[in-house]
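The values are calculated or read from the model by the stated rules, or taken from the named source; none is laboratory data. Just so it is clear, the structure is predicted and the values come from calculations on it, not from any experiment. Methodologically, a virtual Cβ is constructed for each residue, glycine included, from the backbone with ideal geometry; neighbour enumeration extends over all protein chains shown.
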C-alpha cells in the first residue's frame, strides 16, 4: 500500500471516530429528553390528582359549612319566631285583661247615667255622683287610648249582617226595622287587634222568620 492509500485510510478512520461520539451524544440527549418528559408527565398527573383531591376536600368542607350555616339560620329563625309568638301571646293576655277593665268601666258609667238620687239625697248626692261619673269617664278614656295605641279597635256590629268570624249570636230578636240576620243589639263589644280578632262580639241577631 503506497503512501497516498495509507493517508486516505487514516483520514477515513478519523472521520469515523469523529462521527461516533456525535451519534452517541445525540442518541443520549434524545433518551434523556424522553425520560425527563415522561417523568414530568408523571409529576403533572400526580399534581393533578393531588389538586383534584384537595378540591374535593374543599368542596366537602364548603358543603359542610354551608349546611352548618343553614342549620344555624333555621334554628335562629325558629327561635325568633317562637320568641315573637310568646311576646304576642303575652300581649294578647294583657290586652284581654285590659278589655275586662274597659267592660267594667263602661258598665259603671252606664249605671251612673241611669242612677237617680233619692228624695233625701239633694244636691250633695248629685254632686258626688257627677264627680264619680267624671272620674270614671277620664279613666275610661285613658283605657281607650291605651287600646288604640296597641291597635285595638272595636268591631262595628249594629245593623251589620252576622259575621261568624267576628261575632257570636247569643240572643235573637224579631224587629221588622232590621233585615233578617242583622245585628239589632250589642250585648258585649268585640275588638280587633290589627287585623285579627282579639275578642268576639256578643250580639242579638234579628230573626224575622
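General remarks:
- Filter result (in a loop (DSSP other than H, G, I, E, B) and more than 21 Å from residue 88 (Cβ to Cβ)) within region 152-162: 156, 157, 158, 159, 160, 162
- Any chance residue 88 is under 29 Å from residue 199 (Cα atoms), loosely packed, with under 13 Cβ neighbours inside 10 Å and within 45 Å of the chain's Cα centre (by Cα): yes
- Among the candidates 149, 168, residue that is under 26 Å from residue 91 (Cβ atoms) and loosely packed, with under 12 Cβ neighbours inside 10 Å: 149
- Check on residue 203, in contact (Cβ under 8 Å) with a residue 40 or more places away in the chain, touching a strand residue (DSSP E or B) at 6+ places or on another chain (Cβ under 8 Å), under 30 Å from residue 92 (Cα atoms) and surrounded by 13 or more Cβ atoms within 10 Å (Cβ to Cβ): yes
- The requirement of being assigned to a helix (DSSP H, G or I) and modelled with pLDDT under 80 is satisfied by residue 26.
- Criterion: touching a residue at least 40 places away in the same chain (Cβ under 8 Å), in contact with a helix residue (DSSP H, G or I) (Cβ under 8 Å, 6 or more places away or on another chain), more than 30 Å from residue 208 (Cα to Cα) and surrounded by 10 or more Cβ atoms within 10 Å (Cβ to Cβ) - qualifying residue of 98, 109: 98
Each row is one residue, and each column tells you yes or no for (1) within 44 Å of the chain's Cα centre (by Cα); (2) assigned to a strand (DSSP E or B).
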position: 116; (1), (2): no, no
position: 145; (1), (2): yes, no
position: 148; (1), (2): yes, no
position: 164; (1), (2): yes, no
position: 168; (1), (2): yes, yes
position: 192; (1), (2): yes, yes
